[in-house]
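A quick write-up on the structure given underneath.
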Amino acid sequence: MLKKLMSGKLSLKDTFWKFGLLGLFLIVMAVRFFGGLLAQKLQGLTLWYYYSKYFHPLNMNTGIVVLTVCYLTCLAAFIWYSFVILSGVWRSSAEYDKSLWLRHLSRILMLVLVIVCYNIVF
């Protein structure tokens, strides 16, 4: 399925709405969820400051470590998925024959959506 998505073999409708809009929404919500839980645990500290000043391997808070791993994993998945969905929409729209307007509109809207999601996450 992922290979079909990246190569643009799925329909533009499925690629844009199901994998693009819905997929990005779910991943952004996961990043925000784990980021919110981690922010509550850190109580105003940044990740870098916590791990450089307060973290000690023998006396560590396992909740913060688990939430950090979940947060960074979701963040990496979001970055990777945004490139996958951009290439998938771009290639799928290249094979779309019905409307030239929809072809270019889907590319522009997906690029704007990814930029908005990056602004939400970061």
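Annotations
- Subset tally (residues that are surrounded by fewer than 17 Cβ atoms within 10 Å (Cβ to Cβ) and touching a helix residue (DSSP H, G or I) at 6+ places or on another chain (Cβ under 9 Å)) for the range 14-29: 3
- Flag if Ser93 is among the polar types (S, T, N, Q) and either open to solvent by 90 Å² or more (accessible area, probe 1.4 Å) or under 19 Å from the mean Cα position of the chain (by Cα) (or both): no
- Complete set of residues in the range 35-54 that are open to solvent by 50 Å² or more (accessible area, probe 1.4 Å) and not small (Gly, Ala, Ser): Leu37, Gln40, Lys41, Gln43, Leu45, Thr46, Trp48, Tyr49, Tyr51, Lys53, Tyr54
- Inter-residue pairs, beta-carbon under 6 Å, first more than 16 Å from Met1 (Cα to Cα) and part of a helix (DSSP H, G or I) and in the range 13-25, second modelled with pLDDT of 95 or more and among the hydrophobic types (A, V, I, L, M, F, W, C), 6+ apart: Leu24/Cys117
- Pairs, first closer than 15 Å to Asp14 by Cα in the range 100-122, second loosely packed, with under 12 Cβ neighbours inside 10 Å and not hydrophobic (A, V, I, L, M, F, W, C), C-beta under 7 Å, six or more apart: none
- Out of Ser82, Ser87, sole residue that is at pLDDT 95 or above, within 24 Å of Lys3 (Cα to Cα), buried (at least 17 other Cβ atoms within 10 Å of the Cβ) and polar (S, T, N, Q): Ser82
- First in the range 61-84 and over 18 Å from Trp48 (Cβ atoms) and among the polar types (S, T, N, Q), second anywhere and modelled with pLDDT of 95 or more and open to solvent by less than 80 Å² (accessible area, probe 1.4 Å), Cβ under 8 Å, 6 or more apart: Ser82/Leu24; Ser82/Val114; Ser82/Cys117; Ser82/Tyr118
- Unmet requirement for Ile115, which otherwise passes all of (1) assigned to a helix (DSSP H, G or I); (2) modelled with pLDDT under 95; (3) not hydroxyl-bearing (Ser, Thr, Tyr): (2)
The values are calculated or read from the model by the stated rules, or taken from the named source; none is laboratory data. None of these values were measured; they are calculated from a predicted model. In this analysis, Cβ positions are derived from the backbone assuming ideal geometry, glycine residues included, and neighbour counts consider all displayed protein chains. With ligands, DNA and RNA removed, areas are computed over all heavy atoms of the protein, side chains included. Shrake-Rupley method; radii C 1.70, N 1.55, O 1.52, S 1.80 Å.
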